[in-house]
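Rule-based calculations on the coordinates, nothing more; no lab input. Keep in mind it's a predicted model, so treat the numbers as computed, not measured. Ideal geometry is used to build each Cβ from the backbone, glycine not excepted, and the neighbour counts take in all protein chains shown.
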Amino acid sequence: MPDGAFPPDPFDANAAESAARPPRGAAPVSRMEELSPLETAAVMYFRLWHDGEAGRARATADFAALLGLGHGAAAVQALDRLCALLGAHGRRPLMRHSKSCSCVGSDEAVVAAFLSRAAEGEREEAMLMASLLIRAEMAPLALAVAEELAVALRRLALRAAPEPRRRAEAPRRPVPRRVH
């Protein structure tokens, strides 16, 4: 124990609970398979972009392969600008799960909802989502960038999506009662 540090208080009932709680924004609120294709792409590329050079290279290659060089480069620029805005002007550092995790953290869910609303043209709802992520004076700029990225993510999700099945052939999944 470092000098001057106090040992944990054994009588503090909240100490154990606080230590076991995930960091703010990381708590799982959904699973990847429950998201729409656009929301799945939003979470996946948000994770990849923050996963270092290898993740950024993969995102760049995906955008170029599925959207073409010009549109892919524009999508990469929009993703870079949005992540830079969220990092520089965020209300707090955003949390994310690993790129292979099937859980969706609360921050990731808000980013996905923000981009989904932007793609649908629901500007007021998107501004509300932006205000959860970023300082209020930066929300309009974040929305403008999100609208650019959302169009690219929608196109990317449509091109990468498997052929849709007829409703009768879709397997029924039980509704999970637990997250993990």
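Here are the numbers for the structure shown:
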{"item": "Percent of C-alpha pairs per 5 Å bin, segment 25-160, short to long", "result": "2, 12, 22, 26, 23, 12, 3, 0"}
{"item": "Residues with amide H under 5 Å from that of V104, placed H, sequence gap 5 or more", "result": "V29, S30, R31, M32"}
{"item": "Within segment 110-136: backbone nitrogen closer than 12 Å to the H50 label point (7 Å, Cα to C-beta)", "result": "110-112"}
{"item": "Magnitude of the charge dipole, segment 25-160, Cβ model with Lys/Arg +1 and Asp/Glu -1, debye to 20", "result": "260 debye"}
{"item": "Neighbour-count order for V111, V29, V43, fewest beta carbons within 10 angstrom listed first", "result": "V29, V43, V111"}
{"item": "Under the Karplus curve 6.51 cos²θ - 1.76 cosθ + 1.60, θ = phi - 60°, whole-Hz ³J(HN,Hα) for segment 144-153, x wherever Gly or Pro sits", "result": "4, 5, 4, 4, 5, 5, 4, 4, 5, 5"}
{"item": "Overall Cα dimensions of segment 106-161, principal axis frame, Å, largest first", "result": "35, 22, 14"}
{"item": "Relative contact order of segment 25-160, defined on C-alpha pairs under 8 angstrom at six or more residues apart (%)", "result": "35 percent"}
{"item": "Counting all C-alpha pairs of segment 78-140, share separated by more than 13 Å (%)", "result": "63 percent"}
